[in-house]
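Visitor: Handing you a structure now.
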Amino acid sequence: MAPSSAPRVAVIGAGMAGVSCAAQLQQCGIAVTLFEKSRGLGGRLATRRNEAGVAFDHGAQYITAHTPAFAQYLERLREAGSAAVWQPRRAATRDAAHPWQVGTPGMSALLKPLAATLDLRTQHTVDALRRDGDGWQLCCDGIELEQRYAAVVSTAPAPQTRALLAIEPLLQQALDEVRMAPCWALMLCLREPLPVDIDAQRHDRGAIAWLARQASRPGHAPAAQAWVVHASPEWSTEHRELSADAAAHALQRELVQALGMPLPAVSFAQAHRWRYALTTRALGQPFLASTDGSLLAGGDWCLGPRVECAWQSGVAIAGALAQRLLR
Ligand SMILES: Cc1cc2nc3c(=O)[nH]c(=O)nc-3n(C[C@H](O)[C@H](O)[C@H](O)COP(=O)(O)OP(=O)(O)OC[C@H]3O[C@@H](n4cnc5c(N)ncnc54)[C@H](O)[C@@H]3O)c2cc1C
């Protein structure tokens with residue numbers, strides 16, 4: 001726990017970047033408040049349950065570690081029982097060189113140990129930032145908070161961070177270079193098993209980019225005929241403004257075509273639009289900072305479309321801020 005006289009930092013967004021940043025700042029003795037607009041933490045590391053209690057990992061599918069530091073972080077999570085290696089029968093070779101790791105019982109579990117002691121304010125949407133002397137004040141859901149922060153870190157996806165940084169046109173200009181594509185995800189329960197001998201399949205062409213049998217994932221109920229299907233970035237962009245119901249119907253039709261067979265009877269189908277799902281053009285550096293170093297922004301959009309990139313960005317921001325605030 002940080003002493004009450006410690007500098008206080010506001011971190012916006014409780015995905016991998018925000019949580020790893022906040023946890024590392026706290027470890028350095030810096031007081032942190034983590035603001036998240038959703039009801040829980042995880043961001044795109046998401047697990048959703050339907051009314052029957054069936055779990056769907058409908059955002060990030062698996063994590064790979066390309067650096068020793070992130071591999072160590074995942075190893076600690078495996079030892080704590082929050083992560084496991086997923087070995088699906090797969091018709092996909094990309095990333096085959098690195099073990100596929102997942103959160104258990106769901107992807108958001110990857111953040112729970114890190115977030116356990118953080119001051120996390122869920123259902124708090126930060127909608128404006130205001131300079132106050134050499135510090136910052138935040139406006140949440142239209143209300144200005146009393147607390148003053150020595151620094152603010154935004155880890156919202158690039159377009160949402162851009163909207164928050166209206167006071168820093170130079171940072172906004174840098175953000176204009178970043179591109180993020182949407183992804184429609186379909187969560188599906190079938191009454192009978194799908195007659196295919198794969199648990200995960202990537203398609204490089206067509207409307208369907210990915211499908212995964214949820215029961216094959218460590219921590220998921222083995223009996224449920226639950227699948228997560230992702231549309232390709234092209235299809236998702238073209239159909240970005242569909243309603244969730246229309247997208248659920250259209251994606252079932254596309255799935256029938258991609259598999260070349262009819263689906264068994266469907267007992268549950270729900271679509272979710274990830275408006276900013278995958279970074280297609282990254283910033284090319286681990287984070288952005290204002291000239292005085294008190295306003296910073298990061299996330300996967302800095303380095304690439306992977307959870308490890310979000311982690312690297314969050315850790316890099318924490319390192320830079322700790323150096324500045326504790327000198
Ligand atoms: C469909 C899909 C499949 C993917 N598959 C993989 C995969 O297999 N492997 C892989 O490595 N990566 C994958 N990714 C990418 C991976 O999920 C991301 O790279 C990573 O989770 C991004 O973490 P982040 O912290 O940068 O952002 P996010 O997880 O998006 O976190 C940002 C948080 O900020 C919050 N927020 C936004 N605005 C505000 C505001 N104004 N106030 C408060 N809170 C705010 C959001 O609610 C969110 O929780 C996938 C992503 C998607 C969507």
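The values are calculated or read from the model by the stated rules, or taken from the named source; none is laboratory data. Owing to the predicted nature of the structure, the values given are computational and were not obtained by experimental measurement. Note that we place each Cβ from the backbone using ideal geometry, even for glycine, and neighbour counts take in every protein chain shown.
Visitor: Out of the residues in segment 86-134 that are hydroxyl-bearing (Ser, Thr, Tyr) and within 20 Å of Ser20 (Cα to Cα), which is surrounded by the fewest Cβ atoms within 10 Å (Cβ to Cβ)? Walk me through it before giving the result.
Guide: From segment 86-134, those hydroxyl-bearing (Ser, Thr, Tyr) are 93, 104, 108, 117, 122, 125; that's our starting set.
Then drop every residue that is not within 20 Å of Ser20 (Cα to Cα), which leaves 104, 108, 117, 122, 125.
Working: Thr104: 19, Ser108: 24, Thr117: 11, Thr122: 13, Thr125: 15.
Checked segment 86-134; the qualifying residue surrounded by the fewest Cβ atoms within 10 Å (Cβ to Cβ) is Thr117.
Visitor: For segment 294-317, how many residues meet the condition of being of a type in the set (Gly, Ala, Ser) and near the ligand (Cβ under 6 Å from one of its atoms)? Outline the logic, then answer.
Guide: Restricting attention to segment 294-317, the residues satisfying the condition of being of a type in the set (Gly, Ala, Ser) are 294, 297-299, 304, 310, 313-314, 316.
Subset that is near the ligand (Cβ under 6 Å from one of its atoms): 299, 310.
Here the count works out to 2.
Visitor: Hey, another quick one. For segment 152-175, name all the residues that are touching a residue at least 60 places away in the same chain (Cβ under 8 Å), within 14 Å of the ligand (Cβ to nearest atom) and either at positive phi or outside any loop (DSSP other than H, G, I, E, B) (or both).
Guide: Those that are touching a residue at least 60 places away in the same chain (Cβ under 8 Å), within 14 Å of the ligand (Cβ to nearest atom) and either at positive phi or outside any loop (DSSP other than H, G, I, E, B) (or both): Val152, Val153, Ser154, Ala158, Pro159, Gln160, Thr161, Leu164, Leu175.
Visitor: Which members of segment 33-57 meet the condition of being under 14 Å from Val102 (Cα atoms) and either charged (D, E, K, R) or within 7 Å of the ligand (Cβ to nearest atom) (or both)?
Guide: The first filter runs over segment 33-57 and keeps only residues under 14 Å from Val102 (Cα atoms), leaving 42, 44-47, 55-57.
If the condition is that a residue be under 14 Å from Val102 (Cα atoms) and either charged (D, E, K, R) or within 7 Å of the ligand (Cβ to nearest atom) (or both), then Gly42, Arg44, Leu45, Asp57 are the ones that fit.
Visitor: Being crowded, with 19+ Cβ neighbours inside 10 Å and over 15 Å from His230 (Cβ atoms) is true for just one of Gly293, Gly298, Gly260. Which residue is that?
Guide: Values: Gly293 fails: crowded, with 19+ Cβ neighbours inside 10 Å; Gly260 fails: crowded, with 19+ Cβ neighbours inside 10 Å.
Every option except Gly298 fails the conditions.
Visitor: Moving on to the next point. Give Leu326, Leu321 a once-over and let me know the one that is modelled with pLDDT under 95 and more than 12 Å from the ligand (Cβ to nearest atom).
Guide: Values: Leu321 fails: modelled with pLDDT under 95.
Exactly one of Leu326, Leu321 is modelled with pLDDT under 95 and more than 12 Å from the ligand (Cβ to nearest atom), namely Leu326.
Visitor: Which of the numbered conditions does Leu138 fail, given that it passes all the others? Conditions: (1) out of contact with any Phe, Trp or Tyr (no Cβ under 9 Å at 6 or more places or on another chain); (2) outside any helix (DSSP H, G or I); (3) surrounded by 15 or more Cβ atoms within 10 Å (Cβ to Cβ); (4) outside the structural domain of Arg217 (by TED's automatic domain parsing).
Guide: With (1) out of contact with any Phe, Trp or Tyr (no Cβ under 9 Å at 6 or more places or on another chain); (2) outside any helix (DSSP H, G or I); (3) surrounded by 15 or more Cβ atoms within 10 Å (Cβ to Cβ); (4) outside the structural domain of Arg217 (by TED's automatic domain parsing) applied to Leu138, the lone miss is (1).
Visitor: Would segment 141-151 turn up any residue that is touching a helix residue (DSSP H, G or I) at 6+ places or on another chain (Cβ under 9 Å) and within 14 Å of the ligand (Cβ to nearest atom)? So that I can check it myself, show each step before the final result.
Guide: Let us first name the residues in segment 141-151 that are touching a helix residue (DSSP H, G or I) at 6+ places or on another chain (Cβ under 9 Å), namely 150-151.
Applying the additional criterion that residues be within 14 Å of the ligand (Cβ to nearest atom) yields none.
No, segment 141-151 has no match at all.
Visitor: May I ask you to list the residues in segment 111-151 that are without any contact (Cβ under 8 Å) to a residue 60 or more places away in the chain and either aromatic (Phe, Trp, Tyr) or at positive phi (or both)?
Guide: Answer for segment 111-151, where residues must be without any contact (Cβ under 8 Å) to a residue 60 or more places away in the chain and either aromatic (Phe, Trp, Tyr) or at positive phi (or both): Gly133, Asp141, Gly142.
Visitor: Also, I was wondering about something else. Which one of the conditions (1) outside the structural domain of Ala128 (by TED's automatic domain parsing); (2) within 16 Å of the ligand (Cβ to nearest atom); (3) farther than 30 Å from Ala271 by Cβ does Gln61 fail to meet, given that it meets all the rest?
Guide: With (1) outside the structural domain of Ala128 (by TED's automatic domain parsing); (2) within 16 Å of the ligand (Cβ to nearest atom); (3) farther than 30 Å from Ala271 by Cβ applied to Gln61, the lone miss is (3).
Visitor: Being under 30 Å from Ala224 (Cα atoms), away from the ligand (no atom under 14 Å from the Cβ), touching a residue at least 24 places away in the same chain (Cβ under 8 Å) and buried (at least 21 other Cβ atoms within 10 Å of the Cβ): is that true of Leu188 here? First the steps, then the outcome.
Guide: Working: under 30 Å from Ala224 (Cα atoms): yes; away from the ligand (no atom under 14 Å from the Cβ): yes; touching a residue at least 24 places away in the same chain (Cβ under 8 Å): yes; buried (at least 21 other Cβ atoms within 10 Å of the Cβ): yes.
When the stated conditions are applied, Leu188 passes them.
Visitor: Go through (1) part of a loop (DSSP other than H, G, I, E, B); (2) closer than 20 Å to Ala55 by Cβ; (3) among the β-branched types (Val, Ile, Thr) for Val229 and report which single condition fails.
Guide: Condition (1) is where Val229 drops out.
Visitor: Out of (1) in contact (Cβ under 8 Å) with a residue 60 or more places away in the chain; (2) closer than 14 Å to Arg89 by Cβ; (3) not in a strand (DSSP E or B), what's the single condition that is false for Ala221?
Guide: The single condition Ala221 does not satisfy is (2).
Visitor: Considering only residues that are within 19 Å of Gly299 (Cα to Cα) and among the basic types (Lys, Arg), look in segment 23-75 and name the one that is surrounded by the most Cβ atoms within 10 Å (Cβ to Cβ).
Guide: Arg44
Visitor: How many residues does segment 263-290 contain that are away from the ligand (no atom under 12 Å from the Cβ), outside any strand (DSSP E or B) and either touching a strand residue (DSSP E or B) at 6+ places or on another chain (Cβ under 8 Å) or closer than 20 Å to His230 by Cβ (or both)?
Guide: Residues in segment 263-290 being away from the ligand (no atom under 12 Å from the Cβ), outside any strand (DSSP E or B) and either touching a strand residue (DSSP E or B) at 6+ places or on another chain (Cβ under 8 Å) or closer than 20 Å to His230 by Cβ (or both): 4 in total.
Visitor: Okay, moving on. Residues to consider are Ala10, Ala83; find the one that is within 12 Å of the ligand (Cβ to nearest atom) and surrounded by 22 or more Cβ atoms within 10 Å (Cβ to Cβ).
Guide: Values: Ala83 fails: within 12 Å of the ligand (Cβ to nearest atom).
Result: Ala10 is the single residue among Ala10, Ala83 that is within 12 Å of the ligand (Cβ to nearest atom) and surrounded by 22 or more Cβ atoms within 10 Å (Cβ to Cβ).
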